[in-house]
């Protein structure tokens, strides 16, 4: 059937299938889709992630504008002011690389390596589930050809997934205002960036001077990037938590069989609904729920900390509260983070946890000060837990009673690890 579709011998309309898969259905896109899938038929079962990059770049290029010299000068100045203001409120070191101003296409290119890393476990799990269904359900007389069919399904499924990923990332490029807007460190270490075109669109209709919007968003982006530079373990911890969750994704084979038996090629709406409403994915396992809880907690801690330090650093901006409220509404209504996670790895971030995390960080700041607050990022064992989000006063009591805000005492192994992560080459006296 697949070969007939790709050779044009089938009565199934490829544009309808493309639409059901969330891909563009215009003639040029269909031609490109068919070409990619014909190549996948000859593939080795692996995923060609270059497809995702080309799709993302093409989607991002639509309506994209390059920053003008005036915009570059204004945003460079905003980053300069943001760095000075952050120095007053955090004890996290500055970045060693200059912030970047990116076009939408450049954002896709810079972030795609991490997107593919996060999406690959999902793509692999889906391919494994589909090929397992093929093998288990095929009549005995067809078992001999299942190995070849499974490889074809892997290649075609991987290509379709990569194309969908490219479309999602390309769409995100028109929404995000910065490198850290999604909540995870999409850019390389020590890199902060703003997307000038999206920054300008973010400020449209706010009745807030453009320079205040630029400074506020620059403060948020620098705070996010500096936190991940300070806590070198944090990036790997986040990525590991996401991939751990994604590896547990499976396909409900019985639901898939029902869908296949009743599928009407002339009306692919049922297929589209099944793909977007999650009905093909069984309930989360206990291991997935545990991984999800850890991931939601760490993402909430990062975003909550960024909210608190941004609020303090931008106290000089007359319209800071209005901009902050826009950021919160954007997040609560399903912003870039939720769209990306829910589409790619089946995760939906809970804004409620982000608000709780911000309240906890504010309580810690009020109780022990900025420096002691930021020291909690020195090591994963020191970081607040999900229980601390629920009961921040208990955390505050521990911090104030144990050392009255003094630096937490680490054992020798933890201290050595902390020195290594901070690139601290200062020799310490050796104790027997």
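The values are calculated or read from the model by the stated rules, or taken from the named source; none is laboratory data. Just so you know, these numbers come straight off a predicted model, no measurement behind them. Positions of Cβ are backbone-derived with ideal geometry, glycine not excepted, and every protein chain shown enters the neighbour counts.
If only one of 35, 29 is part of a helix (DSSP H, G or I), modelled with pLDDT of 70 or more, over 26 Å from residue 191 (Cα atoms) and touching a helix residue (DSSP H, G or I) at 6+ places or on another chain (Cβ under 9 Å), which one is it?
Result of the check over 35, 29: 29.
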Report task. Determine, yes or no, whether residue 201 is in contact with a strand residue (DSSP E or B) (Cβ under 6 Å, 6 or more places away or on another chain) and either under 24 Å from residue 23 (Cβ atoms) or part of a helix (DSSP H, G or I) (or both). Result -> no
Report task. Only one of these is within 19 Å of the chain's Cα centre (by Cα) and modelled with pLDDT of 80 or more: 317, 295. Name it. Result -> 295
Report summary line: Restricting attention to the stretch 38-52, the residues that are at pLDDT below 70 and more than 28 Å from the chain's Cα centre (by Cα) number exactly 4
Query raised in the report: So, of the residues in the stretch 171-189 that are within 17 Å of residue 54 (Cβ to Cβ) and buried (at least 24 other Cβ atoms within 10 Å of the Cβ), which turns out to be farthest from the chain's Cα centre (by Cα)?
Result: 173
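Scan 98, 91 and give me the residue that is without any contact (Cβ under 8 Å) to a residue 40 or more places away in the chain and assigned to a loop (DSSP other than H, G, I, E, B).
98
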Requested in this report: Determine if the stretch 166-185 includes at least one residue that is in contact with a strand residue (DSSP E or B) (Cβ under 6 Å, 6 or more places away or on another chain) and at pLDDT 90 or above.
Outcome: yes
Query raised in the report: Of all residues in the stretch 255-272 being under 29 Å from the mean Cα position of the chain (by Cα) and surrounded by 12 or more Cβ atoms within 10 Å (Cβ to Cβ), which is modelled with the highest pLDDT?
Result: 255
Query raised in the report: Can you name every residue in the stretch 274-319 that is touching a helix residue (DSSP H, G or I) at 6+ places or on another chain (Cβ under 6 Å), part of a helix (DSSP H, G or I) and over 26 Å from residue 242 (Cβ atoms)?
Result: 313
Query raised in the report: Would the stretch 64-73 turn up any residue that is in contact (Cβ under 8 Å) with a residue 12 or more places away in the chain and closer than 26 Å to residue 364 by Cβ?
Result: no
Query raised in the report: Condition test on residue 227, is it at pLDDT below 90, crowded, with 20+ Cβ neighbours inside 10 Å and in contact with a helix residue (DSSP H, G or I) (Cβ under 9 Å, 6 or more places away or on another chain)?
Result: no
